[in-house]
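Asks: Below: one structure in structure tokens.
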Amino acid sequence: MNNTVKSPKRHMGLARSRAISNTVIHIVLVIISIIWLIPFVFILLQSFRCESAYQVGYVVPQQWGFDNYVSLWNSNFPKWYLNTFIIALVNAVAQTVIVLCMSYALSRFRFKLRKALMRFMLVLGFFPGMLTMIILYRVLKDIGLTQAHAVPGLILVYIASSGMGYYVSKGFFDTLPKSLDEAARVDGATRFQILRKIILPLSKPIVIYTILTAFMAPWGDFVFARYISFENSAGMNVAVGMYNWLNLDQITTKYTMFCAGGVIVAVPVTILFLCLQKYYVEGVTGGAVKG
Amino acid sequence: MKKYSDLEYLKLTKWQKFLYKLKMFFVGIPRAIKNGVFAIGRFFKNLIFGIGGFFKNLCLTFVRGDWKTKVSYVIMGFGNLMRGQILRGIMFLAFEGVFIFYMITTGGYWLSKLPTLGTVGPHEEYNAVLDAYTMAYGDNSFKILLYGVLTIFFIIAFAYTWYANIKQNKTAEEILKSGKKLKSGKQDLHSMVDDQFHKTLLALPMTGILVFTVLPIVFMILVAFTNYDGAHDGYNNSLFQWVGLDNFKTMLSWSGTGGHSYAATFGEILTWTLIWAFFATFTNYFLGMFVAMMINKKGIRVKKLWRTILVMTIAIPQFISLLYVSKMFAKNGLINLFLLNAKWINQAIPFWEDPTLARVMVIVINIWIGIPYLMLIATGILMNIPQDLYESSRIDGANAWQQYRKITLPYMLFVTGPYLLTQFIGNMNNFNVIYLLTGGAPTNASASWASGSVGHTDLLITWLFKITTGAESKYYLASVIGILVFAVVAVIALIVYNVLPSIKNEEDFQ
């Protein structure tokens, strides 16, 4: 009963300490936001710098202009950009189909080897995937899908191994009530019809999440793309191509171009991402909770 | 080691319970090994009896079956065809045909070469037309190993199909005997989208995983037992051979040239890999949770803005942010130049040149990269914590720290336990952050004699990458490292899975 009757003085104290702590938190959040955004602001500003192409000790350009974007247009960058875009687009479609097939089957069916299969794939994931590059590179080379023709090769590899990433969407399918399936079964629907007419319409968030992550992954893939394109400019993606610009022999002339390229790559992806943010957040939170 | 009774155990504090569990896990290892040995013994006993029973069954089916079944032992699908299951019969028959054709034309060759990995290397041959010696290429060790493994896969698949064919004959006989009808081809097709729909769904993804993940991994495991490297590429310059356990002996031996040894280098890198994984996982975890709690706190305004700012950084491809930040802290990068210009420092801060500083930097920058993800995850989970827990604890007089210790943290750990494990494993193999930030630099003078010029921030995975791309390209060593990484990860996962459930149960919220 003592708690209900608070002395006015103590109440005031509580309110004040809460106000102080909230102010502190607001300040901390502002600082955090600045720290997180500042490199990107720097990249943006430096991409417009015309007076020198190398690193300098200030951020705001002395001479503004689009020189870096023009030289970007005249370099191999458009080719790399197109490569990456094609890979991302095909990947987004094919990978989504495969991931959904895999996760739906593992979530909804109870067959003999299901548990064993899932455990097997978990253990498979313990192996450093990078090892497989050595052999995949040589096999792809034999069929002529490396170097200048790295794009189809990369697509093939990305898609083929995409079944391993079924966790998040399986977690989502697990949350859809089984009674839906059962009711439809009673009405005589086949499993395929259930998937197409009942489950898929309910799965919009996870479908969008899968498409989004599948579309974004190729933009950042570095190591595999570098291995497969093997120093052939025609087969590189943006990450591999632009990585070379920051090598010791090129950085003096290409540093601001790297910034401009970074802007061109990041802006569309970021806008797309922010539009679909809601689904991404749902997927990430759901996936982590399920493990 | 004293074993507590249930009552005594319940009296312990949570931390003591955890320690007790951990201790019991290690104390239990000898018994687990004993049990394991027995289990293996039992497994083999069952296996032998199982195989015996299996063959007995096969023979019995053969003896008791009708003539259609008997012919099916040789001609797959014969029984199906004769009993009117045309579709199944044709599939079986076609598979057998393909298999026999493959084995005769190529499979047999690869298989016969597999034990030696080829005998005729590239050599000079007299060419009568040119009247000169020209290069001639013999066997291809790489292909022999690859297709040899593929052929073995194929044989296993064939054996399984053959067995399925026998089993189908048996069941078909039983069904016909009981007066029922067999499934028609049309019904078979229908079941592919109905009760056998999962097989249709899984067929494509599993084929992809089998060919592009499982096969390469099996191949690479086998490479660890060969001398496959840049100088023995199996075709162009020299064949490679089986070398048994030599590579593992090299990697794990303490004696090496000039006082160096691979075991010491491996140990050094492994230690740093584990330290890195630990810090990268837990700094992100706690700081991300902290940021999420700050944003979630009552009375904080524009929550959505703070979240969006952090989430936005996820969208920007890592190679841009990591490479940019890496150059920003370089010796002649933005930060150093700015500080020098402002006369705050006299000489550039060696962010990437000083071993300790470089290690701290990668961990700090990884926090910058990782917090947004953790913030998202933590936000979702924090919102699920029942608010009445906080309210009742407040009435009981708990302060914020106590609430955190007793409610928030246990709840978070309970829900995200498995996630932490995957994060830890992921960080052990976190190639991008290390490679794009430092490329492994600064060079580790005492270890750089080893293949791939080792640096102070190199993880096992970046070392592995360097080995495969260097001039020597010691694939066999990379393969050994890969297997050892697998072993380390598997052990960690095993321990965590054994300790984790107990933690979970205790901290269950009821």
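Asks: Starting at the first residue of region B:96-112, write each ³J(HN,Hα) from the Karplus equation 6.51 cos²θ - 1.76 cosθ + 1.60 with θ = phi - 60°, in whole Hz, x for Gly and Pro.
Replies: 4, x, 4, 4, 4, 4, 4, 5, 6, 6, 10, x, x, 4, 4, 5, 5
Asks: Same structure, new question: Per-residue counts of other Cβ atoms within 10 Å, averaged by peptide: what ranking do you get for B:74-83, B:160-169, highest first?
Replies: The packing order, highest mean first, is B:74-83, B:160-169.
Asks: Determine the shielding of peptide B:218-224 by partner chains: average, over its residues, the number of Cβ atoms on other chains within 10 angstrom of each Cβ.
Replies: Mean shielding count: 3.
Asks: Same structure again: With the cut-off at 51 Å, report for the protein assembly as shown the share of all Cα pairs above it, as a whole percent.
Replies: Counting pairs separated by more than 51 Å, the tail of P(r) holds 25 percent.
Asks: What does the structure give for B:296-302 when I average, per residue, the other chain Cβ atoms found within 10 Å of the residue Cβ?
Replies: 3
Asks: Separate question: When only C-alpha pairs under 8 Å and at least 6 residues apart count, what is the relative contact order of region A:75-290, in percent?
Replies: Worked out over region A:75-290, it gives 37 percent.
Asks: What residues qualify as long-range amide H neighbours of B:GLY455, i.e. H under 5 Å apart, gap of 5 or more or another chain, H built at 1.01 Å from N?
Replies: Placed amide hydrogens put B:ASN444 under 5 Å from B:GLY455.
Asks: I need the peptides A:76-87, B:95-106, B:238-249, B:367-378 ranked by packing, meaning the mean over residues of other C-beta atoms within 10 angstrom, with the highest value on top.
Replies: Packing order, densest peptide first, comes out as B:367-378, A:76-87, B:238-249, B:95-106.
Asks: Could I ask something else about it? Whose amide H sits under 5 Å from the amide H of B:THR226, counting only residues 5 or more places off or on another chain, with H placed in the peptide plane?
Replies: Under 5 Å from the amide H of B:THR226 lie the amide H atoms of B:VAL243, each far enough along the sequence or on another chain.
Asks: Over the Cα atoms of region B:283-506, what Rg and Dmax result, in angstrom?
Replies: 21.5, 69
Asks: Sort B:261-268, A:31-38, B:388-395 for me by packing, meaning the mean count of neighbouring Cβ atoms within 10 Å per residue, highest on top.
Replies: My ranking of the peptides, most packed first, is B:261-268, A:31-38, B:388-395.
Asks: List the relative contact order of chain B as a percent without decimals, with contacts defined as Cα pairs under 8 Å and 6+ residues apart.
Replies: Numbers: 499 pairs, mean separation 71.8, N = 510.
With pairs under 8 Å counted, the relative contact order is 14 percent.
Asks: Further, regarding this structure: Charges on Cβ only, +1 for Lys and Arg, -1 for Asp and Glu, centred on the Cα centroid of region B:275-406; of B:LEU357, B:THR281, B:TRP401, which one is farthest towards the dipole's positive end?
Replies: About the Cα centre, the residue reaching furthest to the positive side is B:TRP401.
Asks: Pairs of lysines 8 or more apart, or on different chains, with alpha carbons under 19 Å: count those in region B:65-243, would you?
Replies: 20
Asks: Apply the Karplus parameterisation 6.51 cos²θ - 1.76 cosθ + 1.60, with θ equal to phi minus 60°, to every residue of region B:117-124 and state each ³J(HN,Hα) to the nearest whole Hz, in sequence, with x for glycine and proline.
Replies: 6, x, 10, 9, x, x, 8, 8
Asks: Please give the per residue accessible area of the protein assembly as shown, computed with a probe of 1.4 Å over protein heavy atoms only, in Å².
Replies: Result: 50 Å² per residue.
Asks: Another one. What accessible area, summed over both chains, is buried at the A-B interface (1.4 Å probe, Å², nearest 100)? Write out the running numbers ahead of the final one.
Replies: Details: alone 18080 and 30420 Å², together 40020 Å².
The buried area between A and B, both sides summed, comes to about 8500 Å².
Asks: Counting only the heavy atoms of the protein chains, how much of B:PHE225 is accessible to a 1.4 Å probe, in Å² to the nearest 10?
Replies: Its heavy atoms expose roughly 60 Å² to the probe.
Asks: Could I ask something else about it? Picking from A:MET242, A:VAL139, A:PHE192, whose Cα lies most toward the positive end of the charge dipole for region A:75-290 (charges on Cβ: Lys, Arg +1; Asp, Glu -1)?
Replies: My answer, from the dipole projection, is A:PHE192.
Asks: Please get the size of the charge dipole for chain A, origin at its Cα centre, with Cβ charges of +1 on Lys and Arg and -1 on Asp and Glu, quoted in debye to the nearest 20. Mind dumping the intermediate values first?
Replies: Details: 26 positive and 11 negative charges, 325 e Å.
About 1560 debye.
Asks: So which trypsin sites (Lys or Arg not before Pro) in region B:180-217 end up in coil per DSSP with only 12 or fewer other C-beta atoms within 10 Å? Mind dumping the intermediate values first?
Replies: Details: sites: B:LYS180, B:LYS181, B:LYS183, B:LYS186, B:LYS199; in loops: B:LYS180, B:LYS181, B:LYS183.
Passing both the DSSP loop test and the Cβ count: B:LYS180, B:LYS181.
Asks: Name the residue farthest towards the positive end of the dipole of the protein assembly as shown from the options B:ILE300, B:LEU464, B:LEU210, assuming +1 on Cβ of Lys and Arg, -1 on Cβ of Asp and Glu, about the Cα centre.
Replies: Highest projection toward the positive end goes to B:ILE300.
Asks: Taking only Cα atoms of chain B, what ratio of Rg to Rh do you get with Rh as the Kirkwood inverse-distance radius?
Replies: 1.06
Asks: Under a 5 Å amide H to amide H cut-off, with H placed in plane at 1.01 Å, what residues pair with B:ALA136 once short-range neighbours are removed?
Replies: The answer is B:HIS123, B:GLU124, B:GLU125.
Asks: ³J(HN,Hα) across region B:266-279 via Karplus (A = 6.51, B = -1.76, C = 1.60, θ = phi - 60°), whole Hz, x for Gly/Pro?
Replies: Rounded to whole hertz, the list is 4, x, 4, 5, 4, 4, 5, 4, 5, 4, 4, 4, 4, 5.
Asks: Counting just the Cα atoms, what span does region B:65-243 cover along each of its three principal axes? Round to the nearest Å and put the largest first.
Replies: On the principal axes, region B:65-243 reaches 76, 34, 28 Å in Cα extent.
Asks: Using only Cα atoms, tell me the angle between helix B:197-209 and the longest principal axis of chain B; keep it within 0 to 90° and round to the nearest 10.
Replies: Between the helix axis and the principal axis of chain B, the angle is about 70 degrees.
Asks: Can you tell me which aspartates and glutamates have their Cα less than 18 Å from the Cα of B:LYS11? Leave out same-chain residues fewer than eight positions away.
Replies: Within the straight-line limit of under 18 Å, B:LYS11 reaches these aspartates and glutamates: B:GLU506, B:GLU507, B:ASP508.
Asks: Let me ask something else. For chain B, give the magnitude of the charge dipole about the Cα centre (Cβ charges: +1 Lys/Arg, -1 Asp/Glu; no others), in debye to the nearest 20.
Replies: Here chain B has a charge dipole of around 2140 debye.
Asks: What lysines sit close enough to B:LYS17 to cross-link, taking a C-alpha to C-alpha distance under 26 Å and skipping anything fewer than 8 places away on the same chain?
Replies: Here the lysines satisfying the reach criterion relative to B:LYS17 are A:LYS290, B:LYS2, B:LYS3, B:LYS34, B:LYS406, B:LYS504.
Asks: Treating only the Cβ atoms of Lys and Arg (+1) and Asp and Glu (-1) as charged, compute the dipole magnitude of the protein assembly as shown about its Cα centre; round to the nearest 20 debye. Provide the component values of the computation, followed by the final result.
Replies: Values: 70 positive and 38 negative charges, 754 e Å.
The calculated dipole for the protein assembly as shown is roughly 3620 debye.
Asks: Run down the aspartates and glutamates and flag those whose C-alpha is under 19 Å from the C-alpha of B:LYS56, throwing out any fewer than 8 positions away in its chain.
Replies: Here the aspartates and glutamates satisfying the reach criterion relative to B:LYS56 are B:ASP66, B:GLU173, B:GLU174.
Asks: Ignore the peptide's own chain and count Cβ atoms of other chains within 10 Å of each Cβ in A:32-41; give me the average, rounded.
Replies: That average works out to 5.
The values are calculated or read from the model by the stated rules, or taken from the named source; none is laboratory data. Values in this document were obtained by computation on a predicted structure and should not be read as measured data. Note: ideal-geometry Cβ built from the backbone for every residue, glycine included; neighbour counts use all protein chains shown. Surface accessibility is based on the protein's heavy atoms, side chains included, excluding ligands, DNA and RNA. Shrake-Rupley method; radii C 1.70, N 1.55, O 1.52, S 1.80 Å.
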